[in-house]
Structure formats: structure tokens, C-alpha cells
């Protein structure tokens, strides 16, 4: 059962119209990939609210120059850092990630990285990441600190994330 968009707005204070557009897309993608459990939804909602509080896919604020030459991200060509900086509901970053997620979705994100800003594609990338990186499994444990670390690499936004978890995790499925 899908957590209702109005519940998300009530708990997070996020913009109603944006949640009503984004959440059904994200939920559908989570369900498509078999990672739409109740706690997985809770983790997804908390994550999106921390990463993109306006509930619209964004381009990373930084220029991306810090990713220049990062072979671990597949950035092998001059300009790759800026070209493949973070985008979406979570920040898809690096040439190799754009290539990999694009292949999984049968679209060429490597050639057109701004497609990751389209809500439907951003939702699909989110769900694939959620499954591929085993974030959904961490939600189901539930190990909320692990969820935050898998998404953020650390605990930035932990206070806001935990507050949303606390509000949603007490509700019945």
C-alpha cells in the first residue's frame, strides 16, 4: 500500500503540488523494482525530503569540477566532472553511473545527462539505486543510519531524516 501524498505533505511540510507529482512516480518505480515495502517507502520519503526538499529533481549546486578526472566515477574525458555532476532526486554522479543507469533503463543518459532531471527518469534512477545499492534492505532491517550512509556517504541531514522516520514509522501499514 502506498503512503499517501497528503500524509507526506503533513509530515514533511513539503510543497503539496510537487509531492503529488513526484511521489506517485517514485512509488511506481519502487514497486516496479520490488522495493516498495512500507519501511522502504518511509526511507525513500525521508531521503527525498532531505536531498531535494522541494520534491523536484535538481542539478547539484556545486560546479562538478571536483569530480574532474575521478576515475572511480568513470570521468576520463576533460569536462566530465561538470558534465556528469549530480542530478535527480539523489545525486547520480559520474560518467560510469550515467552509463550504467542509462543502460538499465534503455536510454542514453551518458549522451544526455540532463534527462536525469525529468521526474519519471529521476524516479526510475532513484528506485534502481534503492535496489542496486541495497538501501531498501537497510530500510527493512530497519537500520536508518545505514540508509543515510548508503545514500549520502555520511550523515548530512541526519536530524531532518530521523525526524521524518520517527513520524512515519509509527503509522500502520
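From least to most packed, judged by other beta carbons within 10 angstrom and beginning with the fewest, 121, 107, 3 follow the order 107, 3, 121.
The residue 82 and residue 16 beta-carbon pair, evaluated with R₀ = 25 Å, returns a calculated FRET efficiency of approximately 0.15. The candidate values were (1) 74, 32, 30; (2) 50, 29, 27; (3) 37, 37, 29; the one computed from these coordinates for Cα extents along the principal axes in Å carries the label (2). Per residue of the chain, the DSSP helices (runs of n ≥ 4 H) give a summed -39500 (n - 2.57) that works out to -16000 deg cm²/dmol at 222 nm.
For helix 119-132, report the angle its Cα long axis makes with the longest principal axis of the Cα atoms of the chain; keep it between 0 and 90° and round to the nearest 10°. Computed tilt is about 80 degrees. To the nearest ten degrees, helix 16-32 and the longest principal axis of the Cα atoms of the chain are 80 degrees apart. When a/c reaches 1.5 or more, the comparison of a/b and b/c decides; with that in mind, is the stretch 106-173 rounded, prolate or oblate per its Cα gyration tensor? It is prolate, given that a/c is not under 1.5 and a/b is the larger ratio.
Footprinting exposure proxy ranking of 131, 85, fewest other C-beta atoms within 10 angstrom first, gives 131, 85. Helix 158-168 sits at what angle to the longest principal axis of the chain, using alpha carbons and giving 0 to 90 degrees rounded to 10? In the chain, helix 158-168 runs at an angle near 40 degrees to the longest axis.
Listed by Cβ neighbour count within 10 Å, with the fewest neighbours leading, 20, 33 appear as 20, 33.
Kindly identify the stretch 65-117 as rounded, prolate or oblate by the Cα gyration tensor criterion: order the square roots of the eigenvalues as a ≥ b ≥ c, call it rounded if a/c is under 1.5, otherwise compare a/b with b/c, prolate if a/b is larger, else oblate. Could you put the intermediate results ahead of the total?
Values: a/c = 1.89, a/b = 1.50, b/c = 1.26.
Taking the square roots of the gyration eigenvalues as a ≥ b ≥ c, the stretch 65-117 is prolate.
Bear in mind that the values in this text are calculations on the coordinates, not laboratory data. Owing to the predicted nature of the structure, the values given are computational and were not obtained by experimental measurement. Neighbour counts run over all protein chains shown; Cβ positions are idealised from the backbone, glycine included.
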